[in-house]
Amino acid sequence: MAKINETKKMTFKVFRFNSETDYLPVYKDYTLDIAPGEVMLDVLNRIKWEHDGSFSYRRSCRHGICGSCAIKVNGKATLACKDRVSDLVETFGEDLVI
Ligand code: FES
């Protein structure tokens, strides 16, 4: 699979559920420009800051120690603050589901 060597537009499919409006969970797409070296926590932060303020997740140390930022990407357990988007693209291709 191709590595990310320059800023690249990517769409992330994110599993969402709002108990006040949704009967069932849904996947929503968020498109972001991803720079080389960005980690999944950068993606989560930017989804919240740039697209949807209701998007919530946990994080604490940002050094791969506490485990608070554990998420699944394409079914693989990852630490969002540690795993680079480019490494996940290399493993799974550009269709990443969070
Ligand atoms: S924020 Fe602590 S392991 Fe990621």
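Bear in mind that the values in this text are calculations on the coordinates, not laboratory data. Note that this is a predicted model, so its numbers are computed, not measured. We place every Cβ from the backbone using ideal geometry, glycine too, and count neighbours over all the protein chains shown.
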- Between beta-carbons, use under 15 Å as the cut-off and find the net charge around residue 32, counting Lys and Arg +1, Asp and Glu -1. -2
- Relative to the Cα centre, what is the charge dipole magnitude of the chain, using +1 at the beta carbon of each Lys and Arg, -1 at the beta carbon of each Asp and Glu, and rounding to the nearest 20 debye? 320 debye
- Note on the structure: Any residue on another chain or 5+ positions along whose placed amide H is under 5 Å from the amide H of residue 16 is listed here as 26, 27, 28
- Per the helix-only model, the chain has a calculated mean residue ellipticity at 222 nm (DSSP H runs of ≥4, -39500 (n - 2.57) each, divided over all residues, rounded to the nearest 500) of -4000 deg cm²/dmol
- Query: Roughly how many nanometres apart are two label points built 7 Å out from the Cα toward the Cβ at residue 18 and residue 68?
  - Reply: 2.6 nm
- Query: Fully extended, how many nm does the chain gain between residue 59 and residue 90 (0.36 nm per residue separation, minus their Cα-Cα distance)?
  - Reply: 8.7 nm
- Query: In whole Hz, what ³J(HN,Hα) sequence does segment 78-89 give by Karplus (6.51, -1.76, 1.60; θ = phi - 60°), x for Gly and Pro?
  - Reply: 9, 9, 4, 7, 10, 7, 6, 4, 4, 5, 5, 5
- Long-range HN-HN contacts of residue 39 with modeled amide H, under 5 Å: 85
- Query: Hey, which aspartates and glutamates would be in cross-link range of residue 9, C-alpha to C-alpha under 17 Å, not counting anything within fewer than 8 residues on its own chain?
  - Reply: 29, 33, 38, 42, 50, 87, 90, 94, 95
- Give me the percent of Cα-Cα pairs in the chain that sit more than 16 Å apart, rounded to a whole number. 56 percent
